[in-house]
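No value in this document is a laboratory result; all are computed from the given coordinates. Keep in mind that what you see is a predicted model, and the values were worked out from it rather than measured. Here the Cβ is made from the backbone with ideal geometry for all residues, glycine too, and neighbour counts use every protein chain on show.
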Amino acid sequence: MAIVDVTVIPIGTETPSVSKYVAEVQKILESYSDRVTYRLTPMSTLIEGEIADLLEVVHAIHEAPFQAGIERVATNLRIDDRRDKKVKMDDKLDSVNRHLK
């Protein structure tokens, strides 16, 4: 199980707001909800699942602004792929919270 932190940045939008593009990404993620878990944050989206599925999803969401007429897209991606044990997003948060007690 891996976790991806991804930010899709459409370049050359009509206004500084990109929320409509973020909403489209969330719709695409919902179509993959049988294979991945995802969480929107104020600055990016976290996606959890098998690495092959994650890379397929990242490709799909990277393409979304192009399909909306944007001619340039920058996608930032970080992958946390731990193979010694299965760790989910919430497990990572729980581990930090245990140290805070």
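Annotations
- Rounded to the nearest 500, the 222 nm mean residue ellipticity of the chain from helices alone is -13500 deg cm²/dmol, with -39,500 (n - 2.57) taken per DSSP H run of at least 4 residues.
- Kirkwood-type hydrodynamic radius, region 1-68: 12.2 Å, calculated from all non-identical alpha-carbon pairs.
- For Lys85, the aspartates and glutamates whose Cα comes closer than 15 Å to its Cα, not counting residues fewer than 8 places off in the same chain, are Glu48, Glu50.
- Scoring 5-14, 91-100, 26-35 by mean Cβ neighbours within 10 Å over their residues and listing the highest first yields 5-14, 26-35, 91-100.
- Interchain or long-range residues, amide H under 5 Å from Thr75's placed H: Ile9
- Karplus-derived 3J(HN,Hα), 6.51/-1.76/1.60, for each residue of region 42-59, Hz, glycine and proline x: x, 10, 6, 10, 9, 10, 10, x, 6, 4, 4, 5, 4, 5, 5, 5, 4, 4
- Relative contact order (%) - the chain, alpha-carbon pairs under 8 angstrom, separation at least six: 46 percent
- Within the listed set Pro16, Pro42, Pro65, the Gaussian network model of the chain (springs between alpha-carbon atoms below 10 Å) gives the highest mean-square fluctuation for Pro42.
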